[in-house]
Structures are given as structure tokens and as C-alpha cells.
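All remarks here apply to the structure that follows.
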Number of protein chains: 4
Amino acid sequence: MKLQGIFPPITTPFDYSGNILKAKVQHNVEKWNRTALSGYVVCGSTGESVYLTSEEKILLWELVAQYADSSKLLLAGTGVESVRETVTLTNRAAEIGYKAAMVRTPHYYKNVLNKPESQLLYFRSVADQAKIPIMIYNWPQATGVDIAPEAVAQLSEHPNIIAIKESSGNIEKVMQMIRECKPGFQVLVGSAPTIWPSFSVGAVGAVLAFANAAPYATITVWEAYRTRDFEAAADWQARIARAAQLVTTKYGIPGLKYAMDLNGYYGGPPRLPLTPICPKAQREIEQAFDGLNG
Amino acid sequence: MKLQGIFPPITTPFDYSGNILKAKVQHNVEKWNRTALSGYVVCGSTGESVYLTSEEKILLWELVAQYADSSKLLLAGTGVESVRETVTLTNRAAEIGYKAAMVRTPHYYKNVLNKPESQLLYFRSVADQAKIPIMIYNWPQATGVDIAPEAVAQLSEHPNIIAIKESSGNIEKVMQMIRECKPGFQVLVGSAPTIWPSFSVGAVGAVLAFANAAPYATITVWEAYRTRDFEAAADWQARIARAAQLVTTKYGIPGLKYAMDLNGYYGGPPRLPLTPICPKAQREIEQAFDGLNG
Amino acid sequence: MKLQGIFPPITTPFDYSGNILKAKVQHNVEKWNRTALSGYVVCGSTGESVYLTSEEKILLWELVAQYADSSKLLLAGTGVESVRETVTLTNRAAEIGYKAAMVRTPHYYKNVLNKPESQLLYFRSVADQAKIPIMIYNWPQATGVDIAPEAVAQLSEHPNIIAIKESSGNIEKVMQMIRECKPGFQVLVGSAPTIWPSFSVGAVGAVLAFANAAPYATITVWEAYRTRDFEAAADWQARIARAAQLVTTKYGIPGLKYAMDLNGYYGGPPRLPLTPICPKAQREIEQAFDGLNG
Amino acid sequence: MKLQGIFPPITTPFDYSGNILKAKVQHNVEKWNRTALSGYVVCGSTGESVYLTSEEKILLWELVAQYADSSKLLLAGTGVESVRETVTLTNRAAEIGYKAAMVRTPHYYKNVLNKPESQLLYFRSVADQAKIPIMIYNWPQATGVDIAPEAVAQLSEHPNIIAIKESSGNIEKVMQMIRECKPGFQVLVGSAPTIWPSFSVGAVGAVLAFANAAPYATITVWEAYRTRDFEAAADWQARIARAAQLVTTKYGIPGLKYAMDLNGYYGGPPRLPLTPICPKAQREIEQAFDGLNG
């Protein structure tokens, strides 16, 4: 299975009481369907998956499966702390038609879970029991746990572990994984401000929160890279840099949702304790997204 | 409500398939009932709450409520990332008869949740809607988020926030909270190796994983402190130091469960990705617990 | 050699051009001579030793040796990154009459120097060649390197390593060192906000920046502890807490120097890039030191 | 002044007593003279500058100035903690003929020096008084202090601050500095495993410890990049990756010196507390440098 190109980890539309808005899921997915996005990651970090019940995750997987164009690859964010629940969710997503599962590093008991042997055990246990292939998901800025390239290389030998989404932004690590993993293992990145250099060293795709709001710009970097138009790739990379920072590290999901609202998608409010951004942040985002279409 | 003395955050008994063993809950609780423990925290970090479904948490709350001696204060670990689910769980625990809820700091979106304003919002939102009082739970070693004494002081003004369990082991922080919080706000600590100095600066109790396996030793420190027998307090503190380190920072829950098995409680296996400890670790724990009764 | 009680790591008096003011060294030392301070640490972190040339350090050692009352124990801060220069400085201090040398953990090449074997090598090499005993100095907040209790325990076996100044504020670590080091090895602490609990678990003294400006208050905590007047110890600890935070973690040396000026010592300006504090910080410090005599 | 291409921060040759070997300085410099290295950085971190006295630094600057080919640009590592001593050293290097000074971020008093305003003050104060241009040097892995792109952008406006050596390996930061700094401000990087992607996003050169031992390989990456032979750049980048990791993050200066010995340079022993590497590490380095000429 090829995981190439740009995938948004889609946001979850809520109303102001915090309930899921099914119609807005449809609206967003149908609008993204008209782009060259490669597929959708449903219930990732950007989807506020840590704020969703299992029932809500399943609902979202079903809704997106219903509205997604058949050309789009469907990935489910299924990772939770326990092996057992991660397997249950993964196989539920498989039944709904998802092609692969994105599973983040477990991290609560850090003194144990920062050890490579615990990380190997977790991912192998999940992959052994999963009915669809696994993409490892590493985002140390959120989890406080980092999986080393050496461990990823070992996991790349597992027949049911096919990819990693590396969101640390650490390009040395990306390069080392590409060098040391089994041929065919796919390294995707998760940090919009560095996709161009990441592609240039061999990353085959990206899962980008930013692509929720401005898919064309990210696809343009990808297409420029693929057609060896390196000037254009660098240029578009520079154009998205500030906007991407604002809706990820600086203002996070609330900022991203505001940018979606600007660009014709439904962003809406996040669930508490996240809150909508203030007017000053709105102005910053408006400026940064000027010229970046939805 | 007085939260004084020693509370174990009780472990969850599983069989080797990872299923909850109700009979072992009964066994453990009835054995702890015979000690001077002040009460039980059910579904805290030590209870592997991050590996439990909501249904399992409710089951455990019901079981412990059924078997606990009426003199024991019942506290429920109800904190999850979202305000809405934390409130739902807290109020379910209240219905079952729990007297207070221990709510850990939310932490996944760290760039947002490390800000005091987000922490204040979360705890105030939960406390406003909770039918029982809230004890803040701060364990930065697991969450990667730390709540500052100044924020705790502000939260201590809320009529439904009555206590904090501070597990960082940072005694300067404990002292500052005691000085700056509203009179009557109760500071408990969560680190067995430092309970004696914590009591000496004003902590009124402790929630100790270690107390699952060796309740008498921890109660002895507490009683020695209360009767101003400072030599005995220091002496018992020294006696538990190594054992406490082994079953918390060094080997974590799997080590603690082994120590429980040694001392006549049911420890059993943890859920994956945690695994039982190796024979070498078992020998270390056996040595360290020699002379420490269950 | 007994390193008991309170030692200020004395500040270095500069004029506004950054030159050392010899007369102010005399003024400060003669004023401290009239207190029950146990001695002086000259050219420690608080003395801005990282901003001093070797010649300036030697000058300061000579000046303080000249003015110090004979009852005061003289300690020299001699630690720099290399073994060879640390030994040279230590033996120069010995010639001038210093009784022991305080040597901080080397830390620039952190990937090497965070390893216990490198730390053991450094301190043993220094101690082997030093003509006076060594006090290890650990301040991870500045150095980014932390020496573990197990390494300190090994170093305590060296006949020429007699003490540690542990400035992390981590009381569990202090307790573990006291338990595991060779009997007679002396543990001092370096964090004024936690001296009372540190004494209560066995620390025999403290090296306190705060004592430059308010020696009596810190001596009072020490004397109260020694005479088992624990209420008084806790009370005075609480009285100094805020002032101590302001002149250490919050405003650092510039804040401390301002507090010295308030209390009849010469503080004066620090060397660049440190700068005098702003008026708002001055007001905070004035308030916090109200009632704390020089 | 153009700071383009590859600069080794040259190691300092010591004998086994820790004394500087002048003849080996000559040997190394004359051998490097025959390469296309752009120049030399003398007394940087790799030169063990933290283990050198001021007199030794001056000696090394003089020796290298004497032996360096006139085509090589000479840069002096002059940064120490205080503004006054950094200025003194910088202007001494200027007298000897050095064209620019590399000045690392001061870092000992981290609570102050992590603030942008302190960093701006330091570099502006140094640059105002320096007789040669300043290159900022940022290596957070050693210093524990990180200078933000926004601060670098502000410093780039200073007429006497012309470049930064960014050694964090963080490519997003490199990209942001290139976007936000004044046109003409030069961004160099300091991490051999990521030079190719760094060049691809606009870095104009690199200061590489690794280039001490294997200058040709690093120059090849640079030349391939300049001639738009991106395949060759990526290929050579991959070939040096493991060797570069070994002699920087894994074994540091002792590993690098061993690699120099392998390749016909004089590496020799480091100063204590650094020590020569063990035979096992020697074997690793021999393997990794196989095929990489001096």
C-alpha cells in the first residue's frame, strides 16, 4: 500500500455544546474530495481524538467512509494507551473499510514507555492482532516519549508495520530512518514547515494538520517536488511557513479551526479545555492565510 | 471533608488475559480494611486507569464501594483529557457513593495545556459541574505538564476544589502551595520516599502507590509524625526508601504488583504494554521488602 | 573538617565599569564577621566566578582571607571545566589559606559529562591532586548536568572528598545521599527555600546565596533546628521563602545584590550580560525583605 | 565577508600530559591547506576551548595564523560568559589577523540567559566593541540555552553581526532564520548529518567537527549542492551520516580525534575529564570511516 502525498488528519466538527456535527463532516469531506489530497486520517491528534469516546470515533470513521471519494485512502487513528483497546479500535476501523491504522506511541508511564523494548512490544503486539497495516505515529512534543530510529528500523521488519508518521520535525532522524529501515517501509512526516526538505531526503508523504485549511498549498509543494521543480517547492514552502506555525505550534487546533472557517470549511469550536482563539490571534491567522486558498 | 493520612491508589487486579478479577478486588480491599488506611483512591494512575474503559472504571468503583469498610473514605480517579468526559465520570462516581474525585492535569496538547489559563479553565469547568469535591492531581513525570503553585492557589478559592495530590516530589512547591493556598485547602503528596519531610512542612496526607503493598510502614510514618515522634518518623522513612523507589520510579506498577503478591495481596500481571518484571527485579524487590509487612 | 551551619557564597563587588572594588570586599566581610555565619565560599556561582579571570579569583581569595575573622571557615570555589585548571586553582587557594575547595560538576560536553563514569573520573582526578579537601557542587539548573546519588556515594569513599553542596532542591536526592554515602560525608544544601526540611532529614549545613543579604534569618532557621525548636524553624523558613525565591530563581544575582544594598552591604551592579534589576523588581524585593535584617 | 563552504572547528593537539603540541598544529593545518576547506575556526567547542586558558587560545590563534594558507579564512572562537572577556579575546584575535569571531551564547545563569532580552544585550554589547564581525554560535545541546529565530533576526540588523552557526540540527529553525533575517545575513549550520537538506533550504556553509577528520567528503556534499547535482549530494550525505554521528553525538571529541589519527592527521588524546575512546569504539569508528579519506 502506497502512502504517498498529502493527508490531512481531519478535524472533528463540534457545535458550541461540544456535540459532533454530522452535516459538517459531510461538508468538509466533500470539499476536500475535490482536491488532490491522497486520503484522510480520521481521529488523529488534530481530530481531538483524546476528547472522543470510542463510540464517537466509530461514528466519525463511518461518516467519513460514507462521504469520502473512492479515490481517497482512508486511515484511522486508533492508538490509545493499552494494546487491547488499540486492537479493538483498529479492527473496528478495518470493518468499516479503513485501509491502515495510525497508532501513536503510548506514553503515560514514561519511565517504562521510553524504553525501546516496551515500544517494540507495544507495536508488535498491536500489529500481530491488527487486521489492517499499522503506521507508527511519533509526536514527542505531545507525548513526551520519543521512539528512536533504531527501534523504528526493527519494527520495519514486521510484515504488518508499513510506515511511520514522524512529527518531531527532526530531519536527522527522518534521514536515519530512511537509511536504516527495511526497503519499502514508508516514512511520512507531520510538520508542515519542513515538508520540502523532508521530501528532498526521501520522505514519501506527509500527514499535515495545516492541510485541513489550505490543502492546495501543501499539495503544490508535493507536486513541485515530484516534478523536480525545486525552486517552486522551496518557494511554496516559504509561503506556508508562517501560517503553518500559527495553526500548529502557536495556536494549535483552535487556530487551525479558525483558519478552516476562513477558507470555506467548517472549523468551529474545539472541545474544552481547548477554547476558540482570541481576536488578536484571529487577525494574525487572517494575515498569514491571505493568498492561501482552501 | 478531611483527607488526612494515607490513601493507596489501588491497583487493578487482572488475570493473564487482561480481564478484571472481581474476587481479587474483594480480597485486596478486605485485607486493606483491616489497616488504618484512611481510604482508597480507585482508578488512579496506579490503577492503570489509562488502560481501562469507562465501563471498567465504573465496575471498579462499584466493587470497591461494596467491599470497603464504612470507615474508609472513597475517592475516584476520574480525570481524562476532556472536561465533558471528566464531568460525566465524576458524577457517575458520585452516584456510586464516592466522596471526592481526583482529577489529573490534562496534558496531551502540551503547548496549550502548560499555560496556567488553560489549567484554570479546565479545573474550574470540571469543578463547576461536579457533584462531589475535586482534588487536583499533579504528576509531571507522567504527564509532562506541571501546574504551578500560583495556579493552585487560585484554584483553592473555588468552593468545590478542596485539595491537591502533588506527586512531583518537589518539596519547595509543596511548601509554597501550603503558604499561598486558601486556609483549609489540603495538600497531599504522592511520593513515598519524601512523606516525612512533606508532613514536617504541612502536608496533611499522602496518596501512595507503595501503600498498596506495605500499608503499615507508611501508616507508621504518619502516626509517628502525628505524635511528634520525629526520630521514629525519620527512621521509618529511611526503612521504606529503597523499596518505595523500586516499586515506583524504577519498576513501576509491574514491580508494585509483584510486591503485593509477596505481601499477601493479589498483584498479578499488568495490562500490556506493561509486563511482569524479570526474575532479577523480583530478587531486588524481595530484598527491599524484607521486614515490610503487608 | 566540619562544614556545619550557614555559609554565604559571597558576591563579588564591582563598580559600574565592572572592576572589582577591594574596599567593598572589606566592608562586606567585616560586616559578615559580626554574624554567626560559619564561613565564606569565595568565587562560587553567586560570586559570578564564570565572569572572573583566574587572576581576579586569586585576588578575591587573598582579600577575603585578609579580612575574614579567624573563626570563619574559608572555602574557595575552584571548579572549572578542565581537571588541570581546577587543580591549579585549588592548590593556589590552598596556599592562600583556604581549607576546602568547592568544585562544580563540569558540564559543557553534556553527552559525555552526564555519564557517571566521567563524573567519577573528574572528581577523583581533582581530589587526587588537590592539597585541600573537595566539596562536590551540584547545581543542575545552571549546568544542565546532574550527579546521581549513587555516584556521590562512590565519591564519598575518596579520602579527599568530604562533602557535597546539593543545590537542586530535590529532597529525595538529599535523603538518598545521606543514607548511602560513607558515614562522615557531609551533605549541605544550596536552596534557601528548603533548608528546614533539609536539616530535618540530615543535611548538616547550607551554602546560601540569600545569606549574603539576610544572614540572620538563615542562621535562625539553623539554630532553631539545632535546638529542636521545630516550630520556630518552620516559622522562619516561611518568613524567608518569598525573599529567597526573588533573589535566586526569579531575579538571580542582580536581585540579590540589590537586596544587599538594602541591608547595609555593598551589592552594586553585576557584570554584563547580567544587569541591575528594574524598579518594579526593586519594589518586590523591598517588600519581601521588609523585616529581614542584614 | 562571505562565509561559504566548509569550515572545520579545528581540534587542539595535546600530548599525553595535556600540553599543546605546536608541531602537530603545523602538521594538521598544512594538511588541511591542501583541501578546498574555506577556512578554519580556531578555539571553538571542538577545539576544547573550555579547557584552554586565554594564553593558550592566543597561542593557538598565532600558530594557525602562521601556518594557514592565505586563501583560508580565519575565524576565532572567542565567546566566554562575560561580555568584557569576550571583547578582550575577540580584539586580541583581530590583532593576530582573524577576520571574524564566533561567539557562543552565554549560558551559565540560565534563568536569566534564556531570555531574549539578555541574549540581545550580550551580543550587541560584544558586537559594539569588537573590531571584527561576529558570528553567533548556538549549540543548545551543550549550553542548555537556545536562541530563538526572532532574536537572531533582530541581531541580524546589527552592522557587526554577520552570521550564525546554528548547531541544533533543527531545520525548521534554520529555515525561519533564513526567511526572517536581514538579507545578506549568513546562516551556517553545525551538524554534519544534515548539511545537504540545510543547503537545500538556504544555508550558505557549515562549521563541522567531522571535517577535521574527513574534509573531502563534506566538501563533496557542498560542491554537489553548488553544481545542482542533488543526487550526488544526497548520496554523499548518506555516506557520511554514520561516521558523523559517531564522532559527534556518540563519542564526541575523543572519537573525532581517533578518526583524525586514522586519516593522517594528529588527533591524540583530549584533556581530562575527556578521555581517549575504548577499543570497541575504535572498531566502530574504523568501520564507519572506511572509504572516507582525510
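The values are calculated or read from the model by the stated rules, or taken from the named source; none is laboratory data. Keep in mind it's a predicted model, so treat the numbers as computed, not measured. All Cβ positions, glycine included, derive from the backbone under ideal geometry; neighbour counts span all protein chains shown. Each accessible area value is taken on the protein alone, full model and side chains, heavy atoms only, with ligands, DNA and RNA left out. Shrake-Rupley method; radii C 1.70, N 1.55, O 1.52, S 1.80 Å.
At a glance:
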{"read-out": "Selection within segment C:189-210 - within 8 Å of another protein chain (Cβ to nearest Cβ) and either aliphatic (A, V, I, L, M) or in contact with a Cys (Cβ under 7 Å, 6 or more places away or on another chain) (or both)", "value": "C:Val201"}
{"read-out": "Failed criterion for A:Ile178 (all others in (1) more than 29 Å from A:Ala94 (Cβ to Cβ); (2) within 11 Å of chain D (Cβ to nearest Cβ); (3) more than 16 Å from the chain's Cα centre (by Cα) hold)", "value": "(1)"}
{"read-out": "Residues of segment D:125-148 satisfying the condition of being more than 14 Å from chain C (Cβ to nearest Cβ), surrounded by fewer than 22 Cβ atoms within 10 Å (Cβ to Cβ) and within 23 Å of D:Val201 (Cβ to Cβ)", "value": "D:Ala148"}
{"read-out": "So C:Leu292, is it crowded, with 18+ Cβ neighbours inside 10 Å, modelled with pLDDT under 95 and touching a helix residue (DSSP H, G or I) at 6+ places or on another chain (Cβ under 6 Å)", "value": "yes"}
{"read-out": "Count of segment D:254-294 residues which are in contact (Cβ under 8 Å) with a residue 40 or more places away in the chain and either within 11 Å of chain C (Cβ to nearest Cβ) or in a helix (DSSP H, G or I) (or both)", "value": "12"}
{"read-out": "Residue in segment D:93-104 that is more than 13 Å from every other protein chain (Cβ to nearest Cβ), open to solvent by 10 Å² or more (accessible area, probe 1.4 Å) and under 27 Å from D:Leu274 (Cβ atoms) present", "value": "yes"}
{"read-out": "Residue in segment B:249-289 that is nearest to B:Ala23 (Cα to Cα), counting only those that are at pLDDT 95 or above and of a type in the set (Ser, Thr, Tyr)", "value": "B:Tyr266"}
{"read-out": "Selection from segment B:194-210 of residues that are within 14 Å of the chain's Cα centre (by Cα) and open to solvent by less than 10 Å² (accessible area, probe 1.4 Å)", "value": "B:Ile195, B:Gly205, B:Ala206, B:Val207, B:Leu208, B:Phe210"}
{"read-out": "Residue within segment D:148-161 that is part of a helix (DSSP H, G or I) and either farther than 23 Å from A:Ala244 by Cβ or in contact with a Ser or Thr (Cβ under 6 Å, 6 or more places away or on another chain) (or both) present", "value": "yes"}
{"read-out": "Qualifying positions in segment C:109-124 - open to solvent by 30 Å² or more (accessible area, probe 1.4 Å), more than 8 Å from every other protein chain (Cβ to nearest Cβ) and either touching a Ser or Thr at 6+ places or on another chain (Cβ under 7 Å) or assigned to a helix (DSSP H, G or I) (or both)", "value": "C:Pro116, C:Glu117, C:Arg124"}
{"read-out": "Yes/no for C:Gln186 being touching a strand residue (DSSP E or B) at 6+ places or on another chain (Cβ under 8 Å), away from every other protein chain (no Cβ under 14 Å) and at pLDDT 95 or above", "value": "yes"}
{"read-out": "Failed condition for B:Val29, given (1) within 17 Å of B:Val207 (Cα to Cα); (2) within 13 Å of chain A (Cβ to nearest Cβ); (3) β-branched (Val, Ile, Thr)", "value": "(2)"}
{"read-out": "Condition met for D:Val83 (more than 11 Å from chain C (Cβ to nearest Cβ) and either open to solvent by less than 30 Å² (accessible area, probe 1.4 Å) or at pLDDT 95 or above (or both))", "value": "no"}
{"read-out": "Looking only at segment A:69-80, and only at residues there that are among the small types (Gly, Ala, Ser) and open to solvent by less than 20 Å² (accessible area, probe 1.4 Å), the one that is farthest from B:Ile20 (Cα to Cα)", "value": "A:Ala76"}
{"read-out": "Subset of segment A:72-96 [farther than 15 Å from A:Ile132 by Cα and under 17 Å from the mean Cα position of the chain (by Cα)]", "value": "A:Lys72, A:Val80"}
{"read-out": "Residue in segment C:242-253 that is more than 22 Å from C:Gln287 (Cβ to Cβ), within 13 Å of another protein chain (Cβ to nearest Cβ) and of a type in the set (A, V, I, L, M, F, W, C) present", "value": "no"}
{"read-out": "First in segment B:155-175 and closer than 24 Å to B:Ala209 by Cβ, second anywhere and basic (Lys, Arg), Cβ under 9 Å, 6 or more apart", "value": "B:Ile161/B:Arg124; B:Lys165/B:Arg104; B:Glu166/B:Lys173"}
{"read-out": "Residue match in segment D:211-231 (condition: in a helix (DSSP H, G or I), buried (at least 21 other Cβ atoms within 10 Å of the Cβ) and within 12 Å of another protein chain (Cβ to nearest Cβ))", "value": "yes"}
{"read-out": "Single residue of A:Glu56, A:Glu48 found to be surrounded by 22 or more Cβ atoms within 10 Å (Cβ to Cβ), within 14 Å of another protein chain (Cβ to nearest Cβ) and charged (D, E, K, R)", "value": "A:Glu48"}
{"read-out": "Residue check for C:Ile132: in contact (Cβ under 8 Å) with a residue 12 or more places away in the chain, of a type in the set (A, V, I, L, M, F, W, C) and touching a Ser or Thr at 6+ places or on another chain (Cβ under 7 Å)", "value": "yes"}
{"read-out": "Test: residue in segment D:90-97 that is modelled with pLDDT of 95 or more and touching a Leu at 6+ places or on another chain (Cβ under 7 Å)", "value": "yes"}
{"read-out": "Test for B:Val64: is it β-branched (Val, Ile, Thr), under 18 Å from B:Ala93 (Cβ atoms) and open to solvent by less than 10 Å² (accessible area, probe 1.4 Å)", "value": "yes"}
{"read-out": "Residues satisfying the stated conditions in segment D:245-264, i.e. touching an Asp or Glu at 6+ places or on another chain (Cβ under 7 Å) and either surrounded by fewer than 24 Cβ atoms within 10 Å (Cβ to Cβ) or over 18 Å from C:Asn114 (Cβ atoms) (or both)", "value": "D:Leu246, D:Leu262"}
{"read-out": "All positions within segment A:157-187 that are buried (at least 22 other Cβ atoms within 10 Å of the Cβ) and small (Gly, Ala, Ser)", "value": "A:Ala163, A:Ser167, A:Gly169"}
{"read-out": "Qualifying residue in segment A:176-191 (condition: aromatic (Phe, Trp, Tyr) and over 21 Å from A:Ile10 (Cβ atoms))", "value": "yes"}
{"read-out": "Selection from segment A:265-285 of residues that are of a type in the set (A, V, I, L, M) and open to solvent by 10 Å² or more (accessible area, probe 1.4 Å)", "value": "A:Leu272, A:Ile277"}
